[in-house]
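To keep things clear, I will list the structure first and then write my remarks on it.
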Amino acid sequence: MRRQALLIGCGKMGGALLERWVLSERYEFSVVDPVAESVPEGAHLFRTAEALRGQKFDLIIIALKPQMIDQFVPEYAEYLVPSGLLVSIAAGYAVERLRAHFASVPTIRLMPNLPASIGRGVNGLFATPDVSAKDRKDITDLMDLTGLSIWVESEDVLDRVTVLASCGVGFFFEIARSFVAAAGALDFGPDQARELVLTAFSGAADLAIRSDLDLATLRNNVTSKNGVTQAGLEQLRQDGILDSLTLQTFQAAYARAVELR
Ligand SMILES: NC(=O)c1ccc[n+]([C@@H]2O[C@H](COP(=O)([O-])OP(=O)(O)OC[C@H]3O[C@@H](n4cnc5c(N)ncnc54)[C@H](OP(=O)(O)O)[C@@H]3O)[C@@H](O)[C@H]2O)c1
C-alpha cells in the first residue's frame, strides 16, 4: 500500500513539484489549497484543513509562503501520524520554528526550484538528526523524480543553495527578460527574440554541462580577437560592473534568507 502524503499549498512551487510527485509509486498525494484550480491526475484536492477530518498522513509537506506558516500550519499537526515526517519548502523558515508546531517530529527542509515540473530541478535538502535513513531514502527517491538532489549539513548551507539555485532561476529569468527587451533595439519582435534568446541560453547551458572546459574557456571559444563578441563583452564587463552587481544580488538574497529565519 502506498504511504499517504499531504501537500499544504499548491501554488507555483508546490504545484511544480506535484507534477512529478504524482508519478511516485511510494506515496499517494492529497493536497489542501483554497484556490488551486486543479491538481494532476492521481492527487486528491481539498479546500480546507477541516475537510481532511478522519484522515492521517505519513508525510506532510508545507508549501506555503513563509509569512503564512505560523498562522495556518498548527491546524494541520493533528493529521500527521506519530511516526510521521515533516517536510517544508518555505525559503528561509528555520527547522526549529517549524518543529515547534509539530511536537518536534523529524523534519526535512527542502529547497527546490521551478524546473522541477519538467524533471530538471535542483534540490537542496537538510535533515534533522532524528530523520531515519529510510525516510532520507524515500525523500531522495521522491525528489529524484524532479531533478538533481544535494543533501547539505546545515541550514546555513541550505540558505546559500537557495540563493544560487532557487532564487537563481528568478535571476536567470530577469537576465533573459533583459536580453529579450534589448533585442528590440536590434529590430526583433518579442516572440522571435524570446525564442532566439532562450534557445541560445539553453543550448549554451547544456553544452557547458557536457563539457570539461571551464566557463572562461567556453566564453573565449566564442570570442575572436577584435570580433563581434569581443565588442559586446567589453561593454558587458566594463569596470567589473557585472561581477559586482551579481555579488550584490547574491548578498542581498542571502541577507533576506537570514532575516526570515
Ligand atoms: N516559487 C519558487 O520558485 C520557490 C522556490 C523554492 C521555494 N519556494 C517556497 O515555496 C513556498 C510557496 O511559494 P509559491 O511561490 O509556490 O507560493 P504561492 O504560489 O503563493 O503558493 C502558496 C499556495 O498556498 C495557498 N494557501 C494559502 N493559505 C493556505 C492554507 N491555509 N492551506 C493551504 N493552502 C493555502 C495559496 O493560496 P492563496 O493564493 O489564496 O494564498 C497558494 O495557492 C514559499 O515558502 C517559498 O519560499 C518557492
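The values are calculated or read from the model by the stated rules, or taken from the named source; none is laboratory data. Everything numeric in this text was worked out from a predicted model, so none of it was measured. All Cβ positions, even for glycine, are placed from backbone atoms using ideal geometry, and neighbour counts span all protein chains on display. For accessibility, only protein heavy atoms count, side chains too; no ligands or nucleic acids. Shrake-Rupley method; radii C 1.70, N 1.55, O 1.52, S 1.80 Å.
Sequence neighbours fewer than 8 away in the same chain don't count; with that in mind, list the aspartates and glutamates whose C-alpha is under 18 Å from residue 56.
Here the aspartates and glutamates satisfying the reach criterion relative to residue 56 are 28, 33, 75, 78, 135.
Testing the spin-label approximation: label points 7 Å from Cα along Cα→Cβ at residue 224 and residue 247. State their distance in nm.
3.5 nm
Could you rank 214, 135 by how accessible they are, 1.4 Å probe, largest area first?
Solvent-accessible surface, decreasing: 214, 135.
Output wanted: per-residue J couplings in Hz (rounded whole) for the range 17-29, from phi through Karplus 6.51 cos²θ - 1.76 cosθ + 1.60, θ = phi - 60°, x for Gly and Pro.
Working through the residues one at a time gives 5, 4, 3, 9, 4, 5, 7, 5, 8, 8, 10, 10, 9 Hz.
Find the centroid of the Cα atoms in the range 191-215 and in the range 7-76, then give the distance between the two in whole Å.
35 Å
Computed FRET efficiency, Cβ-Cβ of residue 71 and residue 217, R0 51 Å: what is it to the nearest 0.05?
Working from the Cβ atoms, E equals 0.50.
Within the chain, what percent of beta bridges assigned by DSSP are antiparallel, to the nearest 5?
Here the share of antiparallel DSSP bridges comes out near 15 percent.
What does the extension gain come out to for residue 97 and residue 199, with contour length at 0.36 nm per residue minus their alpha carbon separation?
Residue separation times 0.36 nm, minus the Cα-Cα distance, leaves 32.5 nm.
In whole percent, and with a 1.4 Å probe on the protein chains, what portion of the accessible area of the chain is carbon and sulfur?
58 percent
Where does helix 167-183 land angle-wise versus the long Cα axis of the chain, in degrees 0 to 90, nearest 10?
For helix 167-183, the angle is close to 40 degrees.
Against the longest alpha carbon principal axis of the chain, how many degrees, from 0 to 90 and to the nearest 10, is the axis of helix 133-144 turned?
That works out to roughly 50 degrees.
How much area per residue is accessible in the range 3-151 when the probe is 1.4 Å and only protein heavy atoms are counted (Å²)?
So the range 3-151 comes to 44 Å² accessible per residue, rounded to a whole number.
What list of ³J(HN,Hα) couplings, whole Hz, do you get for the range 148-153 from phi and the Karplus terms 6.51, -1.76, 1.60, once you set θ to phi - 60° and write x for glycine and proline?
7, 10, 10, 7, 10, 8
In a Debye calculation with equal point scatterers on the alpha-carbon sites of the chain and no solvent, what is log10 I(q)/I(0) at q = 0.07, 0.10, 0.15 Å⁻¹?
Values returned for q = 0.07, 0.10, 0.15 Å⁻¹ are -0.31, -0.59, -1.11.
So what's the range 1-43 giving for Rg/Rh, alpha carbon basis, Kirkwood Rh from the mean inverse pair distance?
Result: Rg/Rh = 0.93.
Work out, step by step, the length gained on full extension between residue 178 and residue 41: first 0.36 nm times the residue separation, then minus their alpha carbon distance; give nm to one decimal.
Extra length available between residue 178 and residue 41 comes to 45.7 nm.
Express in Å², to the nearest 10, the accessible area of residue 68 obtained by rolling a 1.4 Å probe over the protein heavy atoms while all chains stay in place.
For residue 68, solvent-accessible area is about 80 Å².
Where does the range 160-260 land on the Kirkwood hydrodynamic radius, alpha-carbon pairs, in angstrom?
Answer for the range 160-260: a Kirkwood hydrodynamic radius of 15.7 Å.
Please compute the alpha carbon radius of gyration of the range 44-107, then divide it by the globular-protein estimate 2.2 N^0.38 Å. Two decimals is fine.
It is 1.05.
What translational diffusion coefficient, to the nearest whole µm²/s, does the range 3-151 have by Stokes-Einstein, given a Kirkwood radius computed over alpha-carbon pairs, a temperature of 10 °C and 1.306 mPa s viscosity?
106 µm²/s
Add -39500 (n - 2.57) for each DSSP H run of 4 or more in the chain, then divide by its residues: what number comes out at 222 nm, to the nearest 500 deg cm²/dmol?
-14000 deg cm²/dmol
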